[in-house]
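Scroll down for the structure; my scribbles are underneath it.
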């Protein structure tokens, strides 16, 4: 009687063997080893692209500023501050940019920076800083970056 019950139990076995489970784990490990570097490079590129988009937004705001405030004279615009201070108003204090603008890659507030035009009226660079005390964190974008 006991042997009949054991025989039926063996015939109705369902589930996975240890080897099958290990094979699945190895396959998942290989997939993860391939996917993680790809995903991290996609994240890195998206951070860079979002910073460039922010720089482009700042550049566009400076063009509107020059057109409105300086009668379109880009040749004398020089360096336009992003934030500004009491003596030199910037794009934020003049209302051309939001007061809570951040650098997307670091999610920190933009605290300083300039948009610089050369004497021909062409963009030289957009300099963005998230820390007034350190220049190592500054991001510089030129005309080629903002295309």
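The values are calculated or read from the model by the stated rules, or taken from the named source; none is laboratory data. Only a predicted model underlies this, so the values are computations on that prediction, with no experimental measurement involved. Note that each Cβ is placed from the backbone with ideal geometry, even for glycine, and that neighbours are counted across all protein chains shown.
Checking the conditions here, which among 73, 60, 85 is within 30 Å of residue 126 (Cβ to Cβ), modelled with pLDDT under 90, surrounded by 10 or more Cβ atoms within 10 Å (Cβ to Cβ) and under 30 Å from the mean Cα position of the chain (by Cα)? Result of the check over 73, 60, 85: 85.
Looking at the stretch 127-145, can you tell me whether even one residue there is in contact (Cβ under 8 Å) with a residue 40 or more places away in the chain, under 15 Å from the mean Cα position of the chain (by Cα) and not in a strand (DSSP E or B)?
Within the stretch 127-145, the first condition is being in contact (Cβ under 8 Å) with a residue 40 or more places away in the chain, and the residues that meet it are 128, 139, 141, 145.
Going one step further and asking which of them are under 15 Å from the mean Cα position of the chain (by Cα), we end up with 128, 139, 141, 145.
The next check asks that each one be not in a strand (DSSP E or B); those that pass are 145.
The answer is yes, given that some residue of the stretch 127-145 is in contact (Cβ under 8 Å) with a residue 40 or more places away in the chain, under 15 Å from the mean Cα position of the chain (by Cα) and not in a strand (DSSP E or B).
Evaluation of residue 80 against the conditions (1) part of a helix (DSSP H, G or I); (2) surrounded by 14 or more Cβ atoms within 10 Å (Cβ to Cβ); (3) over 14 Å from the mean Cα position of the chain (by Cα) shows that the sole unmet condition is (1).
For (1) surrounded by 20 or more Cβ atoms within 10 Å (Cβ to Cβ); (2) at pLDDT 90 or above, each residue gets a yes or a no:
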| site | (1), (2) |
| --- | --- |
| 91 | yes, yes |
| 101 | no, yes |
| 104 | no, yes |
| 119 | no, no |
| 131 | no, no |
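Has the stretch 69-80 got at least one residue that is at positive phi and in contact with a helix residue (DSSP H, G or I) (Cβ under 9 Å, 6 or more places away or on another chain)? Within the stretch 69-80, one or more residues are at positive phi and in contact with a helix residue (DSSP H, G or I) (Cβ under 9 Å, 6 or more places away or on another chain). Taking the stretch 103-122 as the range and being farther than 12 Å from residue 81 by Cα and touching a residue at least 40 places away in the same chain (Cβ under 8 Å) as the test, the residues that pass are 103, 104, 105, 119, 120, 121, 122.
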